[in-house]
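Asker: Attaching a single structure in structure tokens format; questions to follow.
The values are calculated or read from the model by the stated rules, or taken from the named source; none is laboratory data. Note that the coordinates shown come from a computational prediction; the quantities given were computed from them, not determined experimentally. Note that each Cβ is placed from the backbone with ideal geometry, even for glycine, and that neighbours are counted across all protein chains shown. With ligands, DNA and RNA removed, areas are computed over all heavy atoms of the protein, side chains included. Shrake-Rupley method; radii C 1.70, N 1.55, O 1.52, S 1.80 Å.
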Amino acid sequence: MDSYASILDMTFIQAKPTNRGFALVTVLLFCSIILMMVLALFQSVRSELFISQTYSDQTSALYLAETGIWAAVAQLEVDPSWTAGFTEKTAPGLPGTYSVTFNTRGAPFRADQSVNNYDGTADANYRGSNFVPSGCASLIVTANVRGYQRQIEALVRVGGGLYPADAPLLTSGRIDLRGSVNIDGRKAQSDPTRVDADVHSNKAETDPDIVVWDGNGTAVIDGKVSVVAGNADAIDLKSAVPVNGEATGSASKNIPDVAILSKIQANRTAPAAAINSSGTTVLSPPSATQDDLYHSGNLNIQGDLVLEGVNLYVEGELHVNGSVTGSGSIFVSKDTTLQGDARIASATPETIALFSEGNVRLSGFDGTEYMDSLALTDSSLASDWAQLSDSIRDYQLYLSEPGIGISPANQSKLNSLAQEIGGADGMLSAVTVPGRQYNATQRLIDRLAGQPNSTAKARMTEKFEDLNSLFFSYGNGSAIETQALQQLAGGRIVRGGFDAAIDNFNVLGSLQGKVKSLMKGYVDTIDYDHLGAAFFQGVIFTHGSVYTDAEVTVQGAIVAFDNGSQQPTDIDGETVNPGDLVLQPLTRISYVEEFFKPKDASGGPGAAGVQLLLWMGR
């Protein structure tokens, strides 16, 4: 037994060291496993951090590139000819930098170069020819964030309106206002909300009388009059007081140039414009893919010119002995003379952009003087002539109540006033003022019929016919009324439009505000003191001078930029220099903001004058 116990004791003593070694090995084994797990976890976390940082940099680069697009858009809104670009520009709250580089020399092109074809002379980029439409810019932004690069390409329409004008009168020369003149501004044709109507000259010389008014009649300037020249006598407006005051020593305003001659030369191969020898000339796009027309030599049109969405390029002088209406652009390599339009153009949304390398002369007609002279010997004509002005003034008054609605009492007044102006083919309402007659416009047309033929007679007859057509009260439910309502919904006043609007106003629903604004915007453009005014609707841009005759109204803006290509000219015995604006008595300039901004707000935040057409990531 003792021997057996001794053997057990010896076995136990020898086994203890062996168990302790096994435990150590086990611990070391587990430590190795834990170490590998920690290393794997560390590597995984490190990879996730790297992936997360990479994703963050990628996202930041994308946002940065998008920021670069909108920064470029903002620059193009201020200056459609902008090609300065950006070099490693930063953005608040984002790491990294972005760059925009423009190619202004032509081929060869790099894939990171932007191209601005605002004037139609640079249609190629890295993709090839004809990839940058006229009036557009191909923008390529390169963003870099901690070694990661991202590029975005966008095609934008530069200057969403006719021209980037922010004032009705903008020039590099003198501005000479004569007689009664009215310079005002509104938001849109269908929105008479007031906007500033500024008058500005970039002329910086110390010459006196850069912006002047002769003190005859009444001058209304609903904005600021400013000049770059610092001398106090640079502005002389006599007793006229601009709504926003005067300012000498002002900053120079940007006047984007238009390469008129280059655009004409680039379109010499366009189809020839078919011009009528007399009467109205209507120019339409020659095909579904072509809207350019060309005319070689001086162009004289004896009658009206209507553009139906075309660009007309005239390599010579342009003389139109009539109106220019519709939608489109006209580029003229020499001087331009327009007779004007006796109708109230704002009844339609169309606009014309006239770009003349030479001088522009707008020859209106003194219809008010003509009518006043006839009234001296014709008491019936005098009465109708005075009543027409009063009825139009009252129509403006009763349409001006606050809000989008028209009260029943004012609807009744407006219905009667429309019949005083244009008559009716059904039951007549009571006149608004005892002694007034119905259909003053037709009565005046009849009185003029017996007068000797003259330009003033023809123009005033056309004016009265236009007013008669728009204000005449046609039968309820008639085809004319139905068509007028359809056109009102589309933002246009046509024959019978005013009566149709009032007769159906209570059932227009959500269109009430739009229709009322359209009517008010229209009647507010009728200058009842000068019903003989000739109209031009759109923008007039010239490298020469602009000279208006009596009773001319421009709805839009006039811009004159002396680029050195023109010489002084003699107009009726006085010398007019390039860049000068001379506005004769009874001229009215009404700035319409919507003409110079895109109607589609897709240009993005802060990009009112530029529209985004195409966006591509790389």
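Asker: Taking the stated definitions as given, is residue 255 among the aliphatic types (A, V, I, L, M), in contact (Cβ under 8 Å) with a residue 60 or more places away in the chain, over 18 Å from residue 538 (Cβ atoms) and surrounded by 17 or more Cβ atoms within 10 Å (Cβ to Cβ)?
Answerer: no
Asker: Moving to a separate point now. Taking strands (runs of 3 or more DSSP E) that fall entirely within region 231-305, which contain at least 1 residues that are within 30 Å of residue 135 (Cα to Cα) and of a type in the set (Gly, Ala, Ser)?
Answerer: 292-296
Asker: Kindly check whether there is at least one residue in region 139-148 that is open to solvent by less than 20 Å² (accessible area, probe 1.4 Å) and out of contact with any Ser or Thr (no Cβ under 7 Å at 6 or more places or on another chain).
Answerer: yes
Asker: Same structure, new question: Considering only residues of region 214-227 that are surrounded by fewer than 17 Cβ atoms within 10 Å (Cβ to Cβ) and among the polar types (S, T, N, Q), which is farthest from residue 529 (Cα to Cα)?
Answerer: 216
Asker: Given the criteria under 22 Å from residue 260 (Cβ atoms), modelled with pLDDT under 95 and not in a loop (DSSP other than H, G, I, E, B), does residue 116 qualify?
Answerer: Against the criterion (under 22 Å from residue 260 (Cβ atoms), modelled with pLDDT under 95 and not in a loop (DSSP other than H, G, I, E, B)), residue 116 qualifies.
Asker: Would you pick out the residues in region 575-618 that are open to solvent by less than 50 Å² (accessible area, probe 1.4 Å), in a strand (DSSP E or B) and either modelled with pLDDT of 90 or more or hydroxyl-bearing (Ser, Thr, Tyr) (or both)?
Answerer: The answer is 576, 581, 582, 583, 587, 588, 589, 590, 591, 592.
Asker: Out of the residues in region 460-488 that are buried (at least 20 other Cβ atoms within 10 Å of the Cβ) and assigned to a loop (DSSP other than H, G, I, E, B), state the one that is nearest to the chain's Cα centre (by Cα).
Answerer: My answer is 472.
Asker: Right, next: Being open to solvent by 20 Å² or more (accessible area, probe 1.4 Å), closer than 18 Å to residue 255 by Cα and either touching a residue at least 40 places away in the same chain (Cβ under 8 Å) or touching a Gly at 6+ places or on another chain (Cβ under 7 Å) (or both): is that true of residue 174 here?
Answerer: yes
Asker: Additional query: Given (1) in contact (Cβ under 8 Å) with a residue 40 or more places away in the chain; (2) touching a helix residue (DSSP H, G or I) at 6+ places or on another chain (Cβ under 9 Å), identify the lone condition not met by residue 363.
Answerer: Just one mismatch for residue 363, condition (2).
Asker: Looking only at region 536-574, how many residues end up being surrounded by fewer than 24 Cβ atoms within 10 Å (Cβ to Cβ), in a strand (DSSP E or B) and not aliphatic (A, V, I, L, M)?
Answerer: The number of residues fulfilling the criteria is 5.
A quick yes/no check of all residues on (1) among the hydrophobic types (A, V, I, L, M, F, W, C); (2) outside any loop (DSSP other than H, G, I, E, B); (3) surrounded by 24 or more Cβ atoms within 10 Å (Cβ to Cβ); (4) at pLDDT below 95:
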position	(1), (2), (3), (4)
155	yes, yes, no, yes
192	no, yes, no, yes
205	no, no, no, yes
229	yes, no, no, no
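Asker: Here's something else I'd like to know. So, in region 231-252, of the ones that are hydroxyl-bearing (Ser, Thr, Tyr) and in contact with a Ser or Thr (Cβ under 8 Å, 6 or more places away or on another chain), which residue ends up most open to solvent (accessible area, probe 1.4 Å)?
Answerer: Looking at residues that are hydroxyl-bearing (Ser, Thr, Tyr) and in contact with a Ser or Thr (Cβ under 8 Å, 6 or more places away or on another chain), I get 248.
Asker: Next question. Where residues in region 391-421 are free of Cβ contacts under 8 Å to residues at least 12 places away in the same chain and assigned to a helix (DSSP H, G or I), which of them is least open to solvent (accessible area, probe 1.4 Å)?
Answerer: 409
Asker: Here is a further query. Taking interchain pairs and intrachain pairs at least six residues apart, which have beta carbon atoms under 6 angstrom, with the first residue in region 295-322 and under 18 Å from residue 266 (Cα atoms) and free of Cβ contacts under 8 Å to residues at least 40 places away in the same chain and the second open to solvent by 60 Å² or more (accessible area, probe 1.4 Å) and of a type in the set (Phe, Trp, Tyr)?
Answerer: Qualifying pairs under 6 Å: none.
Asker: Could you check residue 288 against (1) touching a residue at least 12 places away in the same chain (Cβ under 8 Å); (2) open to solvent by 30 Å² or more (accessible area, probe 1.4 Å) and say which number it fails?
Answerer: (1)
Asker: Looking at residue 98, is it free of Cβ contacts under 8 Å to residues at least 60 places away in the same chain, buried (at least 22 other Cβ atoms within 10 Å of the Cβ) and of a type outside the set (A, V, I, L, M, F, W, C)? First the steps, then the outcome.
Answerer: Details: free of Cβ contacts under 8 Å to residues at least 60 places away in the same chain: yes; buried (at least 22 other Cβ atoms within 10 Å of the Cβ): yes; of a type outside the set (A, V, I, L, M, F, W, C): yes.
Considered against the rule, which asks whether it is free of Cβ contacts under 8 Å to residues at least 60 places away in the same chain, buried (at least 22 other Cβ atoms within 10 Å of the Cβ) and of a type outside the set (A, V, I, L, M, F, W, C), residue 98 comes out as yes.
Asker: Any residue that is farther than 29 Å from residue 211 by Cβ, touching a Ser or Thr at 6+ places or on another chain (Cβ under 8 Å) and of a type in the set (Val, Ile, Thr) - is there at least one of those in region 274-296?
Answerer: yes
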